[in-house]
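Chemist: There's a structure below that I have some questions on.
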Amino acid sequence: MNTTPILRAANIVKKLGGKTILNDVSLDVHKGDVKVVIGPSGAGKSTFLQCLNYLLPPDSGDIWLEGNKVNARDTKELCAFRQQVGMIFQDFNLFDHLTAEENVSIALRKVAGYGKAEARQRAMTELSRVGLAKRAALYPAQLSGGQKQRVAIARALAMDPKVMLLDEPTSALDPELVGEVLSVIRDLADGGMTMIMATHQMDFARALATDILFMEHGKIIEQGAPDILLAPGSGTRTSDFCGKLFDMRGPDKAPSVSELLTGDLSHDITDDGSESTMTPDAPKKD
């Protein structure tokens, strides 16, 4: 059995504007892990994810992929590393002047060297995977927020990454659109995709995470399985934080993630470009 982490970060330090954002952060991620990063605003979650694929180069510390230390000074090696460690952002980062298919295929042509027809075929495969094959010819302005995020996921998947980093992938979405994105992420997890995701969707984290990492003041202060950190009476910082999140819902709380995760990709754009009025089906029983 291979015990080498697929991704390893050791002693990562990052300062911005003279302030220490990450303070000696280390993490081992094994193939198939779903690590969920939580914590208060300003804890360093987004910075950590961006350091993991050198969108923000760490000031010190090292990162390994499949046992090989990344040489960030080698542009070619760094480019290859970023293809294998995909990134999903809060705000989609799609090209407004390109269709959904073109947003997925452009990197295949420009970076991976695919021909136009081959790139389009691969793009359509990945759009089908996230339930958007019928929306391939639409532009971002014609898509809902959930669909835009699914296009962004398809774009990352097209590069055949070994690890996916997801930075609050549902935070920019209306509540009723959260379920369709989490449904895709759930399917990726079920398929064995290795992921590290920053999120406040704790129902989702409890259901899918192999580990929860609690960050505060630029450090990982707790790490463990959800059933341990969130156990009643555990007294963990993670449990306390999540309890406050649930309390914020109030008596007229919005639907939980488990209620939204029906497996159906609702709120799709209809063929004439208008917003569908579909609502999620009732939650499936185990």
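Chemist: Taking the Cα centre of the range 2-89 as origin, sum charge times position over the Cβ atoms of Lys and Arg (+1) and Asp and Glu (-1), and report the length of that vector in debye to the nearest 20.
Modeler: Rounded to the nearest 20 debye, it is 200 debye.
Chemist: Taking the Cα centre of the range 7-260 as origin and charging only Cβ (+1 Lys, Arg; -1 Asp, Glu), how large is the dipole, in debye to the nearest 20?
Modeler: My answer is approximately 720 debye.
Chemist: Regarding the range 86-201, what's the average projected area of the Cα-atom convex hull, expressed in nm²?
Modeler: Result: 6.6 nm².
Chemist: Would you mind checking the radius of gyration and Dmax of the range 1-40 based on alpha-carbon positions, in Å?
Modeler: 13.2, 44
Chemist: Check which residues have an amide H placed less than 5 Å from ILE21's amide H, if you skip close sequence neighbours.
Modeler: Here the answer is LYS14, LYS15, LEU16, since their amide H atoms fall under 5 Å of that of ILE21.
Chemist: Picking from ALA107, LEU52, GLY191, whose Cα lies most toward the positive end of the charge dipole for the range 7-260 (charges on Cβ: Lys, Arg +1; Asp, Glu -1)?
Modeler: ALA107
Chemist: Same structure again: Principal axis lengths of the range 116-156 from Cα atoms, whole Å, largest first?
Modeler: 27, 16, 15
Chemist: In bins 10 Å wide, starting from 0, what share of all Cα pairs of the range 7-260 does each bin hold, as a percent?
Modeler: Whole-percent P(r) values from 0 Å outward: 7, 30, 35, 22, 6, 0.
Chemist: As an exercise, use a Förster radius of 35 Å and the Cβ-Cβ distance of LYS134 and THR75 to find the FRET efficiency, rounded to the nearest 0.05.
Modeler: That gives a FRET efficiency of 0.35.
Chemist: Something else: For GLU222, which sequence-distant residues (separation of 5 or more, or a different chain) have an amide H within less than 5 Å of its own amide H, given hydrogens modelled in the peptide plane?
Modeler: PHE214
Chemist: Please quote Rg/Rh for the range 1-106 to two decimal places, taking the Kirkwood radius as Rh and restricting both calculations to Cα atoms.
Modeler: 1.00
Chemist: Next up: Listed highest first by mean packing, meaning other Cβ atoms within 10 Å per residue, what order do 160-166, 220-226 come in?
Modeler: Highest-to-lowest ranking by the protection proxy: 160-166, 220-226.
No value in this document is a laboratory result; all are computed from the given coordinates. Keep in mind the model is a prediction, meaning the values are calculated, not measured. Glycine gets a Cβ as well: all are built from the backbone with ideal geometry, and neighbour counts include every protein chain shown.
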